[in-house]
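Take a look at the structure below.
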Amino acid sequence: MPSVQQAVWDTPAAAYISRPPELSVVVPTFNEAENVPLLVARLADVLAGVDWEVIFVDDDSRDGTVSAARRLALADPRVRCLRRIGRRGLAGACIEGMLASSAACVAVMDADLQHDETLLPRMLRSIRAGADLVVGSRFADGGTAAGGLSRVRHRGSQLAVQAARRLFGISIGDPMSGFFMVRREIFDAVAPKLSTHGFKILLDFVASCRQPLKIVELPFHFRARQNGESKLDSLVVLEYLGLLLAKLSGDRLSIRFVLFALVGASGLLVHLLVLQQALALDLAFDWAQTGAAYMAMTWNFLLNNQLTYRDRRLSGLAALKGLATFYAVCSVGTIANVGVATWVYGSQPSWWLAGTAGALMGVVFNYAASSALTWRRN
């Protein structure tokens with residue numbers, strides 16, 4: 001009797017070849033265990049008659065999201081799951097999931113059930129009819145965002161859309177949408193230019209694509225989240241600004257560096273405020289400048305840890321060690337900071353000019369060194 005291994009070798013290769021699905025639905029997840037089975041059931045319902053698969057890309061959730069997806073995969077081969085360890089971010093998850101697909105068309109949607117899955121067949125028909133990109137739009141005629149966005153977030157989203165359209169000449173009515181479908185070969189060509197940071201992958205894709213695209217927008221009703229909590233926070237505003245500035249630089253500057261610089265700019269304000277108060281207490285300038293520098297460093301570390309390096313975020317003892325490392329890294333720049341500031345202040349006693357000159361000295365060094373040491377990849 002031939003061995004199992006010999007039987008495998010003797011089986012024609014064609015027996016193992018299956019046709020790839022026409023559509024891959026990529027769903028980034030983080031703590032969405034309750035929504036995963038609901039979404040799969042809805043996809044199975046609306047995509048009847050379509051060769052499809054769903055790829056959940058999970059950022060190492062702690063609520064059992066991966067287990068929920070894998071239980072479904074045991075019974076349904078159309079369900080796949082990629083677990084990412086040591087990496088976070090919606091854009092990066094979407095990119096990895098889309099690159100893992102062999103389907104002709106790839107869709108991106110959220111796991112929180114706010115995107116209307118019944119739109120997927122219409123999106124696919126548009127791709128079949130020749131569209132390169134189909135966007136589920138909250139702001140096209142017939143679409144609404146009221147169900148899923150607060151008044152403040154709705155207004156903020158509209159302002160972000162206006163900024164994107166004016167800065168990049170984008171004609172899409174909702175470039176901030178997280179619900180879209182694209183031909184995979186077009187996405188593959190643009191993928192190396194995309195940032196893995198942030199939440200607005202559609203805007204990044206359209207701004208990075210150099211070839212003209214045939215774009216179709218379909219309205220949908222943005223629904224309220226059914227389970228779990230939103231992963232967006234107030235820092236997304238700075239992250240979005242970082243994306244805009246990075247794209248305006250022609251991608252010469254990375255989003256991470258832009259965010260580091262924006263955090264540094266906010267630290268400069270902290271620096272100047274502390275310096276002003278210290279001088280008001282009659283401290284010597286060099287001591288006031290030193291104290292202000294370390295206060296700004298503390299501020300910068302905390303904000304960078306929450307924003308710039310959110311995918312490598314430090315917590316607990318690691319955060320304390322990271323702060324100590326950040327102090328050490330930035331202290332090298334502080335030597336030049338204090339020296340230059342003291343020299344400027346001595347030649348022209350303007351506290352704000354001297355403080356600014358000193359604070360700007362170490363930005364590039366601090367970014368390079370802290371990336372390599374404080375928030376290094378494990």
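Beta carbons closer than 8 Å, at least 6 apart along the sequence or on distinct chains, pair a first residue in the stretch 109-129 that is within 16 Å of Ile55 (Cα to Cα) with a second that is of a type in the set (Asp, Glu) for Met109/Glu117; Ala111/Glu32; Asp112/Glu32.
Scanning the stretch 102-129 for residues that are surrounded by 19 or more Cβ atoms within 10 Å (Cβ to Cβ), among the β-branched types (Val, Ile, Thr) and within 20 Å of Phe222 (Cβ to Cβ) gives a single hit, Val108. For the stretch 79-117, what are the residues that are among the β-branched types (Val, Ile, Thr), touching a strand residue (DSSP E or B) at 6+ places or on another chain (Cβ under 8 Å) and farther than 26 Å from Tyr240 by Cβ? Once the filter is applied, which keeps residues that are among the β-branched types (Val, Ile, Thr), touching a strand residue (DSSP E or B) at 6+ places or on another chain (Cβ under 8 Å) and farther than 26 Å from Tyr240 by Cβ, the stretch 79-117 yields only Val79. Residues in the stretch 284-317 that are without any contact (Cβ under 8 Å) to a residue 24 or more places away in the chain and either closer than 18 Å to Ala91 by Cβ or surrounded by fewer than 17 Cβ atoms within 10 Å (Cβ to Cβ) (or both): Ala284, Trp287, Gly291, Leu302, Ser315, Gly316, Leu317.
Taking Leu323 as the residue in question, decide whether it is in contact with a helix residue (DSSP H, G or I) (Cβ under 8 Å, 6 or more places away or on another chain), surrounded by fewer than 19 Cβ atoms within 10 Å (Cβ to Cβ) and at pLDDT 85 or above.
yes
Inside the stretch 51-96, can you point out the residues that are under 14 Å from the mean Cα position of the chain (by Cα) and either assigned by TED's automatic domain parsing to the domain that holds Arg313 or in a helix (DSSP H, G or I) (or both)? Selection gives Leu90, Ala91, Gly92, Ala93, Cys94, Ile95, Glu96.
What are the pairs with Cβ atoms under 7 angstrom where one residue, in the stretch 184-207, is in contact (Cβ under 8 Å) with a residue 12 or more places away in the chain and closer than 14 Å to Val108 by Cα and the other, located anywhere, is of a type in the set (S, T, N, Q) and in a helix (DSSP H, G or I)? Sequence gap at least six, or different chains. From the stretch 184-207, no pairs qualify.
Against the list (1) free of Cβ contacts under 8 Å to residues at least 40 places away in the same chain; (2) assigned to a helix (DSSP H, G or I); (3) out of contact with any Leu (no Cβ under 7 Å at 6 or more places or on another chain), the condition Ala48 fails is (2). Apart from one condition, Glu217 fits all of (1) modelled with pLDDT under 90; (2) under 24 Å from the mean Cα position of the chain (by Cα); (3) not β-branched (Val, Ile, Thr); the exception is (1).
Of all residues in the stretch 261-305, how many are more than 37 Å from the chain's Cα centre (by Cα) and assigned to a helix (DSSP H, G or I)?
To start, the set of residues in the stretch 261-305 that are more than 37 Å from the chain's Cα centre (by Cα) comprises 277-288.
From what's left, assigned to a helix (DSSP H, G or I): 277-280, 285-288.
Summing the residues that are more than 37 Å from the chain's Cα centre (by Cα) and assigned to a helix (DSSP H, G or I) in the stretch 261-305 gives 8.
The values are calculated or read from the model by the stated rules, or taken from the named source; none is laboratory data. Computed from a predicted model, the values in this text were never measured in an experiment. Positions of Cβ are backbone-derived with ideal geometry, glycine not excepted, and every protein chain shown enters the neighbour counts.
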